[in-house]
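Asks: Input: one structure, supplied below.
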Number of protein chains: 2
Amino acid sequence: MLKLSKKADYGLIAVRHLAMRHLAGACSAKEIARTYAIPTELLAKILQKLVKKGLLVSQQGAEGGYALARDPATVTAFEVIKAIDGPLLITSCVTAHGDCSQAPTCTVKEPLGKVNEIIVKALNSVTISSLGDEGAEPPPSTSGLIQIGGAPQ
Amino acid sequence: MLKLSKKADYGLIAVRHLAMRHLAGACSAKEIARTYAIPTELLAKILQKLVKKGLLVSQQGAEGGYALARDPATVTAFEVIKAIDGPLLITSCVTAHGDCSQAPTCTVKEPLGKVNEIIVKALNSVTISSLGDEGAEPPPSTSGLIQIGGAPQ
DNA sequence: CCAAATCCGACCTTTTTGGTCGGAATTAGA
DNA sequence: TCTAATTCCGACCAAAAAGGTCGGATTTGG
Ligand code: FES
Ligand code: FES
């Protein structure tokens with residue numbers, strides 16, 4: 001259905017949270033989970049994935065926790081999503097075994113590939129620090145409301 | 001995982017096929033299915049969905065089949081996808097009951113909403129007739145510059 | 001030593017997706 | 001009129017993915 005996974009969403013939220021207190025110490029998974037009402041163990045697993053990909057660093061032991069590995073301005077939403085959900089491929093032909101029976105006759109994967117590129121570019125233009133702005137200052141006037149979903153019927 | 005469903009892919013292929021023989025007669029689901037090695041009944045159900053949404057017209061009885069309801073140049077990939085998979089919403093918060101527990105504290109759905117708009121625009125810039133010719137004809141408008149993060153304020 | 005925390009992998013449940021089946025209604029043509 | 005071809009429609013099923021949980025090992029600061 002072309003939607004982001006909840007894990008990726010959680011990861012984005014957590015990374016943004018870490019970015020805001022980047023210069024402070026590390027932050028435990030439990031604390032982040034409680035702040036945003038995310039299942040603790042699930043968030044922990046997501047964060048561990050991000051550690052493995054090198055986006056975060058973890059400090060074990062008491063008073064430990066997670067922290068950003070790089071500057072928030074250099075980390076993009078696409079990196080976080082890719083680390084959690086795997087490579088972003090809009091075309092559904094890419095199963096694990098790569099055996100799309102339609103591949104020889106499929107006529108839409110090429111134009112769709114271009115769309116894929118556009119999405120990646122869009123996601124890459126969103127840095128973690130730019131996510132920070134949104135929440136730090138509560139928007140007093142909701143003038144720029146985003147409306148995309150059309151009336152279905 | 002942010003990927004298109006196979007049904008949507010099948011639908012795109014079928015619609016494109018119909019577009020190529022737009023001026024010829026109708027085309028049976030079985031014929032299309034065989035051409036592209038798609039399960040017949042599954043394709044039929046997809047086509048029926050498109051009929052219900054008004055993108056296709058169907059002719060019952062012997063020698064019947066499906067045909068495009070409108071000019072191929074006026075139908076976009078986004079319409080086909082939306083008809084099959086429902087409204088395109090990248091944020092995972094939008095379940096059927098709309099009960100995202102993170103909604104009050106979520107800090108990423110707004111910037112992600114902008115990304116969503118970009119995707120919709122990209123999908124809307126791909127018409128069915130442009131799928132028809134594989135001649136690498138890049139859509140001249142709407143796809144040149146992508147800028148989302150830089151809301152200057 | 002002990003408590004707090006990450007780490008890690010296995011496991012389960014729910015939801016979504018892809019695919020199938022059988023039969024009713026409709027239509028063109030013999 | 002009769003029949004074959006075809007759309008139509010809803011229910012059903014199986015596989016996969018997503019979301020979430022658990023228990024234990026390991027590390028670290030006090
Ligand atoms: S369906 Fe796999 S190539 Fe398009
Ligand atoms: S997770 Fe639902 S609002 Fe972001």
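Residue-by-condition table, conditions (1) modelled with pLDDT of 90 or more; (2) assigned to a loop (DSSP other than H, G, I, E, B); (3) within 14 Å of chain A (Cβ to nearest Cβ):
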| residue | (1), (2), (3) |
| --- | --- |
| B:Leu42 | yes, no, yes |
| B:Gln48 | yes, no, no |
| B:Ala73 | yes, no, no |
| B:Phe78 | yes, no, yes |
| B:Ile81 | yes, no, yes |
| B:Ile90 | no, yes, yes |
| B:Gln102 | no, yes, yes |
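Asks: Further question on the same structure: Among the listed residues A:Gly64, A:Gly54, which satisfies the condition of being away from ligand 1 (no atom under 16 Å from the Cβ), under 23 Å from B:Val108 (Cα atoms) and surrounded by fewer than 16 Cβ atoms within 10 Å (Cβ to Cβ)?
Replies: Result of the check over A:Gly64, A:Gly54: A:Gly54.
Asks: In segment A:16-40, how many residues are within 14 Å of chain B (Cβ to nearest Cβ) and either part of a loop (DSSP other than H, G, I, E, B) or more than 10 Å from DNA strand D (Cβ to nearest atom) (or both)?
Replies: 14
The values are calculated or read from the model by the stated rules, or taken from the named source; none is laboratory data. Just so you know, these numbers come straight off a predicted model, no measurement behind them. Cβ coordinates were reconstructed from backbone atoms using ideal geometry, including for glycine residues, and neighbour counts include every protein chain displayed.
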